[in-house]
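Have a look at the structure below, then the notes.
The values are calculated or read from the model by the stated rules, or taken from the named source; none is laboratory data. Model, not experiment: these values are computed from the prediction. Cβ placement follows ideal geometry from the backbone for every residue including glycine, while neighbour counts extend to all protein chains displayed.
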Amino acid sequence: MIKGQTVKTVTTMLLAGSLFLAGSAAAQGPGCGTGQGYGRGKGGMAGLNLTEEQRTKFEDLRLKHLKEIEPLRADMQKQRSSLALELTADKYNEASVKTIQNEISKTQNTIAMKSIAHRRAIRDMLTPAQQKTFDARMLDRGRGAGQHGEGPAYGRGGRGNRGGSCRGCCN
């Protein structure tokens, strides 16, 4: 039988791990970051037949986006750690928990909006024919095609890739 402090320690560790996993999934926002993006093959987004100029532009956009969201992801990690500490404190402070959760929500929204702008910038660099393929992928992404890398429209965009953001389209 586990006694007092050990139960509290185990519970704290389980809670912190659960918060980390749940927060990682939530932080990624829609599309870019959920693994439901556009997929990349060698040298560019799979199936779009990018020109060398487009590949360069895509990589520039990708790098810019990752540089913008990496500090936000780091902030979110700190916020999640603060939340875990508040949730496991001996004296529960509901106001503090609400404040921290609101900060997490704002950061998640900022990441999501940057991801949306990033996807649009990618779309805008494509030719009309490439945009059709890109648009079809965007519209199909919630229907299960391409999960875990299945389906021609997704390249490697399945869930469970790296834990970073922008993984379906950029990594």
- Item | Count - residues of region 58-95 that are under 12 Å from Thr107 (Cβ atoms) and of a type in the set (D, E, K, R) | 4
- Note on the structure: Only one of Ala84, Ala121, Ala112 is touching a Gly at 6+ places or on another chain (Cβ under 8 Å), surrounded by 12 or more Cβ atoms within 10 Å (Cβ to Cβ), aliphatic (A, V, I, L, M) and touching a residue at least 12 places away in the same chain (Cβ under 8 Å), namely Ala112
- Message: Among the residues that make up region 146-157, is at least one of them within 23 Å of Met76 (Cβ to Cβ), at pLDDT below 95 and surrounded by 13 or more Cβ atoms within 10 Å (Cβ to Cβ)?
- Response: yes
